[in-house]
Amino acid sequence: MLSNWELIARLVLAAVLGGLIGFERERLHWAAGLRTHMLVSVGACLVMIVSAYGFPEMHSDPRFNLDPSRMAAQVVSGIGFLGAGSILLRGEVIRGLTTAASLWAVAAVGLAVGGGLYVGAVAATVIMLIILAGKPLENRLFSPKQNRKLSLVATQGTLDIDAISKALGNAGERVRQFGIQPSSAKPGSDDIQITFARVSQHEFESIRDVLKQFPGVKSVDEVKEAEPA
């Protein structure tokens, strides 16, 4: 049976390790941040402690055969519902999968601490932090495909969706939204907004270069959209 001090120490350690992962998610302004990860880790740790050390009167009774892994196993599957709440679908782009995975992994860290596997829990936390910190390297090696938007100013009447599709060839199939209206700031010009679905940064730059060379186009600018919280 655990002493009170060791029980408290395990819960505190679970909160600290979960908080380290949650801090990284909080830094990127995700909904599941510091407190959520700490709560998941502490909760999973407590479930493991109860599963392994709870019901002492039954452990001493030969008529009962308790499996301490049964309650802990429910955490692994049950945490999936919480993770699903952090996943967002924006158009054709899915966001939040990494946060959902971190919640699931933090629950595993809490279970490990609750079971007394301190080295494994700390090592897993360090590895998880390294993985989460590797986002810039991932973006450099594998440019993510996502929706990207361009704002154009062109001579009035020279650019329409058919002309865009013809100029871009196969890339014209990526046009998801096309909006055009007379420019209020520049008489005789059109303001054009084009959204491209699931294009990489390299593909997007190629599209932008083609449009810059199109006759009548005066300017081509990328429209940056805010990341979802």
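The values are calculated or read from the model by the stated rules, or taken from the named source; none is laboratory data. The model shown is predicted, which means the values in this text are computed figures rather than measured ones. Using ideal geometry, Cβ is built from the backbone for each residue, glycine included, and neighbour counts are taken over all protein chains shown. Remember, those area values only see protein heavy atoms, side chains included, never the ligands or the DNA or RNA. Shrake-Rupley method; radii C 1.70, N 1.55, O 1.52, S 1.80 Å.
A few comments on the model shown:
- Test: residue in segment 184-191 that is touching a helix residue (DSSP H, G or I) at 6+ places or on another chain (Cβ under 7 Å), small (Gly, Ala, Ser) and buried (at least 17 other Cβ atoms within 10 Å of the Cβ): no
- Yes/no for ILE180 being β-branched (Val, Ile, Thr) and open to solvent by 70 Å² or more (accessible area, probe 1.4 Å): yes
- Where a residue in segment 178-191 is at positive phi and its partner, wherever it lies, is open to solvent by 40 Å² or more (accessible area, probe 1.4 Å), with Cβ under 6 Å and at least six apart: GLY188/GLN156
- Verdict on ALA154 being touching a Gly at 6+ places or on another chain (Cβ under 8 Å), at pLDDT 85 or above and more than 23 Å from ALA72 (Cα to Cα): yes
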